[in-house]
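Engineer: Dropping the structure in here first, questions after.
The values are calculated or read from the model by the stated rules, or taken from the named source; none is laboratory data. Values in this document were obtained by computation on a predicted structure and should not be read as measured data. Virtual Cβ from ideal backbone geometry, glycine too; neighbours counted across all protein chains shown. What goes into the accessible areas is simple: the full protein's heavy atoms, side chains included, and nothing from ligands, DNA or RNA. Shrake-Rupley method; radii C 1.70, N 1.55, O 1.52, S 1.80 Å.
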Amino acid sequence: MTDNGIGPARFDALPEPEAIELLLACCASPEWARAVAAKRPYGSAGALFAAADAALAGVSEAEIDLAMAGHPRIGDRPDNANSAREQAGMADAGDAVRAAIAAGNREYEAKFGHVYLVCATGLSPERLLAILTERLGNDPAEERRIVRTELAKINRIRLGRLIGGQA
């Protein structure tokens with residue numbers, strides 16, 4: 001795969017197991033990856049993004065939990081290239097902001113039972129902290145809705161990188 005991705009035509013032509021493997025690198029929900037792979041061919045980035053959004057909307061809460069498990073905490077050292085790229089803004093975080101995000105992550109996880117998931121691409125450490133602080137005021141149902149929205153944003157960015165299309 002080049003910096004321009006593999007292209008929609010090549011993605012559409014992949015054997016299903018290979019497509020699923022690539023999709024799992026975008027989102028750790030096996031149900032989502034199978035659903036997206038099964039609907040090929042797409043022919044365009046836009047069609048793929050729409051199908052990915054629809055598949056995400058249809059997965060169970062347990063699958064959302066699996067998807068979130070594929071994401072490191074904001075501020076932790078990312079264990080994959082996608083997360084490292086997405087959290088690149090954290091490299092400039094000062095000690096006070098890092099400490100506040102770490103404390104906020106602990107509070108968030110205690111309240112909601114899962115990692116604080118946000119589409120961090122292009123966001124400053126201060127903005128990530130502000131979003132975290134704001135979301136701590138949500139009720140669990142609202143937070144789960146927001147998590148799906150944020151996950152869809154992340155999926156689109158990663159899919160765009162995979163096929164070379166804009167999210």
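Engineer: Scan region 19-61 residue by residue and report those that are among the polar types (S, T, N, Q) and surrounded by fewer than 17 Cβ atoms within 10 Å (Cβ to Cβ).
Structural biologist: SER44, SER60
Engineer: Check off (1) open to solvent by 30 Å² or more (accessible area, probe 1.4 Å); (2) part of a loop (DSSP other than H, G, I, E, B); (3) of a type outside the set (D, E, K, R) for HIS71 and give me the number that stays unchecked.
Structural biologist: (1)
Engineer: Quick check on GLU16: is it surrounded by 15 or more Cβ atoms within 10 Å (Cβ to Cβ) and among the acidic types (Asp, Glu)?
Structural biologist: So GLU16 fails the test.
Results for (1) within 19 Å of ALA152 (Cβ to Cβ); (2) touching a residue at least 12 places away in the same chain (Cβ under 8 Å); (3) within 12 Å of the chain's Cα centre (by Cα), shown as yes or no for each residue.
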| position | (1), (2), (3) |
| --- | --- |
| PRO41 | no, yes, no |
| LEU48 | yes, yes, no |
| SER83 | yes, yes, yes |
| GLN87 | yes, yes, yes |
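Engineer: Quick one: is ALA37 modelled with pLDDT of 95 or more and within 24 Å of GLY165 (Cα to Cα)?
Structural biologist: Answer is yes for this residue.
Engineer: Criterion first (among the hydrophobic types (A, V, I, L, M, F, W, C), closer than 23 Å to ILE20 by Cβ and open to solvent by 50 Å² or more (accessible area, probe 1.4 Å)) does LEU66 satisfy it?
Structural biologist: Yes; evaluated as a whole, the condition is true for this residue.
Engineer: Would you tally the residues in region 37-72 being of a type in the set (D, E, K, R) and within 17 Å of ALA25 (Cα to Cα)?
Structural biologist: Here the count works out to 3.
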